[in-house]
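Data first, discussion second: the structure below is written as C-alpha cells.
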Amino acid sequence: MKNIAFSFKNVSFTHSNGQEALKNINLSASTGESIAIIGSSGSGKTSLLQLIATSLRPSTGSMAVFNVDPWAISKGQLQRLRSQIGLVHQAAPIPPRQRVITAVLAGRLGQWPFWKSLVSLIYPVDISGPQLCLQKLELADRLFDRCDRLSGGQLQRVGVARVLYQKPDLLLADEPVSALDPVLSDLTIQCLLADAQTRNACFVASLHAVDIALRWFPRIIGLRDGEVFFDLPASEVSESLLQQLYAAERGVLPKQDNVKTL
Ligand SMILES: Nc1ncnc2c1ncn2[C@@H]1O[C@H](COP(=O)(O)OP(=O)(O)OP(=O)(O)O)[C@@H](O)[C@H]1O
Ligand SMILES: [Mg+2]
C-alpha cells in the first residue's frame, strides 16, 4: 500500500536576506516513489530539498513528512523524524581529515545511542556495512583513506555511500552525480534507485543532467523561478517544455542532443 511520504500545501520560502526561493508549492509524494527535480541554477532545487529534509522551515503554508507536521512536534520527535530522512548534500559536509569509513558510519549517528555514535567517531563500530555500500559505488578499496586524499567525484560517492548506509525512509539527493563521469553517474543513480525501491523508500534527487533524469526517473518536477512549472511522468516531458523551463530566463535555447525527442 502506498503511504504519503511528504506533502506541501501552499508553501513559500524566503531566505533570511529577503530572497524568495520558493513560491506557493503544492506537492505530495508517496513511499516507493522516485522523483527527479530539474530546473536552472537558482530555480529553488536545493531550497526545496532542504525544506523536505526539515533543514529549512517554510515561511508560509503547511507541510507534512510521513503525515506529521515537523514544525508542530517536540524536539525529540523531530530528531527521530530526521533520523528517517537522508540527504546527500550538493557539497558534501565531510571534515577533510576524516577517514572514509568514519564518514560513512556518520550516516547512522542519528539512529544509534549516544555512546555508540561517540565510539564510531574514534573507532569503526562496523566495517562490513560501510564496505558493502562503498563496493556498490566502486570505492571499496578506499575504506581507510582520508577524505582529503580523494578526488571530487570519489568524495561525492562517499556522501552517497553514507546515505545508503543510513537506509532512510525518505532519501533525498542534491545533485548527487554532478562530479561524476557518465558511466559512474548512471551507476550511482541506479544504486540509489535500487536501494530506495528495495526498501519502499521515497527517493527525490535534483539533477542538472536532464538526460539522466528522463532515463531513470518515472516522475519529473520542473522548477522555474521558485515555482513548480510542471510535474509530469517522464514520458510526457517534451522538448518544448524543457526549452521553456531552461530558456525563459536567458532567452537562449539549451543544446538538446542528449534529450530524447518525443
Ligand atoms: N543561503 C542563502 N541565502 C540567501 N539566498 C539564498 C541562499 N541559498 C539560496 N538562495 C537563493 O535562493 C534561490 C534558490 O536557490 P537554490 O540554491 O535553492 O537554487 P538551486 O536550484 O539549487 O540552484 P543550483 O542549481 O545552482 O544549485 C536563489 O535565488 C538563491 O540565490
Ligand atoms: Mg542547488
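Laboratory data are not the source of any read-out in this text; all were calculated from the coordinates shown. Worth saying up front: this structure is predicted, and the values here are computed from it rather than measured. No Cβ is skipped: glycine too gets one built from the backbone with ideal geometry, and neighbour counts run over all protein chains shown.
Could you work out the helix-only [θ] at 222 nm for the chain, with each DSSP H run of four or more residues adding -39,500 (n - 2.57) and the total divided by the number of residues, to the nearest 500 deg cm²/dmol?
Details: 9 runs with 88 residues, N = 262.
The helix contribution divided over the chain gives -10000 deg cm²/dmol.
What ranking of TRP71, TRP112, TRP216 emerges when the number of other C-beta atoms within 10 Å of each C-beta is taken as an exposure proxy, fewest first? Walk me through the numbers before you get to the answer.
Working: TRP71 12, TRP112 15, TRP216 18.
The order, fewest Cβ neighbours first, is TRP71, TRP112, TRP216.
Within the chain, what is the longest stretch that has no trypsin sites (Lys or Arg not before Pro) placed in a DSSP loop and near at most 13 other beta-carbon atoms within 10 Å?
Numbers: sites that count: LYS2, ARG97, ARG250, LYS255.
In the chain, the maximal stretch lacking such sites is 98-249.
What do you get for chymotrypsin sites (Phe, Trp or Tyr not before Pro) in region 99-189 restricted to DSSP loop and a cutoff of at most 12 other Cβ within 10 Å of the site's Cβ? Can you show the working numbers first?
Numbers: sites: PHE114, TRP115, PHE144, TYR165; in loops: PHE144.
Those satisfying the criteria are PHE144.
What list of ³J(HN,Hα) couplings, whole Hz, do you get for region 108-113 from phi and the Karplus terms 6.51, -1.76, 1.60, once you set θ to phi - 60° and write x for glycine and proline?
Whole-Hz 3J(HN,Hα) from phi for region 108-113: 9, 3, x, 9, 8, x.
For region 43-51, what does the Karplus curve 6.51 cos²θ - 1.76 cosθ + 1.60, with θ = phi - 60°, yield as ³J(HN,Hα) per residue in whole Hz, taken in order and with x for Gly and Pro?
These are the phi-based 3J(HN,Hα) values: 6, x, 4, 5, 4, 5, 5, 6, 5 Hz.
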